[in-house]
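Read the figures in this text as sums done on the coordinates, not as results from a lab. Every value quoted in this text rests on a predicted model; they were computed, and no experiment measured them. With ideal geometry, Cβ positions are generated from the backbone for all residues, glycine too; neighbour counts draw on all protein chains shown.
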Amino acid sequence: MFLSPCAGCHRACRCLSIKVAVTADISALREACSMPEPLDDQVRARMRSQRTAGTKPEIALRRILHRDGLRFRVDVRPDAGLRTRADIVFTRAKLAVYVDGCFWHGCPQHFIPPKNNAEWWAVKISKNVERDAASRQDLRELGWEVSSFWEHEDPDRVASAVRAIYLKRRH
């Protein structure tokens, strides 16, 4: 399924059927695509400064995979028609690997919702989880194998799982 960027959030999302007139009011655009607004400019700045690639768990996994002779692409779109970016991509094997952060992706084991502005955070995290599921399903429909791991998982165990999937798909 091809998704083009949404006018409100500049990401590919399922709100493309909503037609919103071009306006200077970005809040109306974000509301149209169900993206919550940050509490204030300080929160927005902190969220924008969060690392999206090259986190410690990703680097640990990449080092192990590289040491084992596997070559891959980092932080790229597996398919040009989708807006999702996978942490590790094996293009020939059509394998996309995601290392999800416990906070931003709502880990059932470690996620602790913030007390400040709790309602906003609940919407934000649920939208992240929803977007993750939709984009990964879109990849599967395009023939990709999608593997997701939590940042708290043992990198050696994750690398073994990724290696097994890669070898199975490569042959």
* Asked: If the chain between N116 and V76 were fully stretched, how many nm would it gain, using 0.36 nm times the residue separation less the Cα-Cα distance?
  -> 11.1 nm
* **Contour minus Cα-Cα distance for V123 and D40 (0.36 nm per residue)** => 28.3 nm
* To do: DSSP loop (so not H, G, I, E, B), at most 11 other Cβ within 10 Å: list which trypsin sites (Lys or Arg not before Pro) in segment 71-171 pass both filters.
  => R71, R92, K115
* Whole-Hz couplings from phi, Karplus 6.51/-1.76/1.60, listed for segment 57-74; x for Gly and Pro -> x, 5, 4, 4, 5, 4, 4, 5, 5, 5, 4, 7, x, 7, 10, 7, 9, 10
